[in-house]
Amino acid sequence: MLKIEDVVKLYEFVDIKLNYFKQEHCCKAFFEGRTVRVFMKNIDSEKDLELTLIHELIHARNWYLLDVEDDEDEVEDEAVVTYNNNHEIVKFIKQLYCPRLK
Ligand SMILES: [Zn+2]
């Protein structure tokens, strides 16, 4: 499960950019280099956005903090577990990275 301490550490390495304009056909979001890009036109709801942010930060944690290969299905399962069991983290991520969404 993604932890608040991980999110704090990742703030040093990763930026989150919400893209409201460009339609990206690949996906809702991706993590590349130091940036998580979220394509808001592909996001269906607030819950979808929250799960997507958690999902991408798990990729970032695996890359920057754990240095492990990640598996798409495992990342998605962990995102759902985190969403269901640690909902505080969602508020924390939004406050830290996305003040405009508060
Ligand atoms: Zn993914």
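Every number in this text was worked out from the coordinates using simple rules, so none of it is lab data. Note that this is a predicted model, so its numbers are computed, not measured. Please note: Cβ atoms are built from the backbone with ideal geometry, for glycine as well, and neighbour counts cover all protein chains shown.
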Next item on the list: Can you list which of the trypsin sites (Lys or Arg not before Pro) found in region 24-60 are DSSP loop residues with at most 14 other C-beta atoms within 10 Å?
Entry: Arg34
Next item on the list: Give me the distance in nm between label points sitting 7 Å out from Cα along the Cα-to-Cβ direction at Gln23 and Gln95, one decimal.
Entry: 3.7 nm
Checklist line | In nm, spacing of pseudo-spin labels at Phe30 and Val80 (7 Å Cα→C-beta vector) | finding: 2.4 nm
Note to self: With just the Cα atoms defining each centre, how far is region 21-61 from region 1-15? Give it in Å.
What the structure shows: 16 Å
Note to self: Based only on other Cβ atoms within 10 Å, what is the fewest-to-most ordering of Thr82, Thr35?
What the structure shows: Thr35, Thr82
Notebook entry, point to check: What chymotrypsin sites (Phe, Trp or Tyr not before Pro) does region 1-86 have in DSSP loop regions with at most 11 other beta carbons within 10 Å?
Noted result: Tyr20, Phe21
Next item on the list: Starting from the Cα of Asp73, step 7 Å along the direction of its Cβ; do the same at Val8; then give the gap between the two resulting points in nm.
Entry: 3.5 nm
Check: Which percent of the Cα-Cα distances in the chain go past 23 Å?
Finding: 16 percent
Note to self: Within the chain, count lysine pairs with alpha carbon atoms under 18 angstrom apart where the residues are 8 or more positions apart or belong to different chains.
What the structure shows: 20
Check: Which residue, Asp15, Asp67, Asp77, tops the fluctuation ranking in a GNM of the chain built on C-alpha contacts under 10 Å?
Finding: Asp67
Check: Of the beta bridges DSSP finds with both residues in the chain, what % are antiparallel, to the nearest 5?
Finding: 45 percent
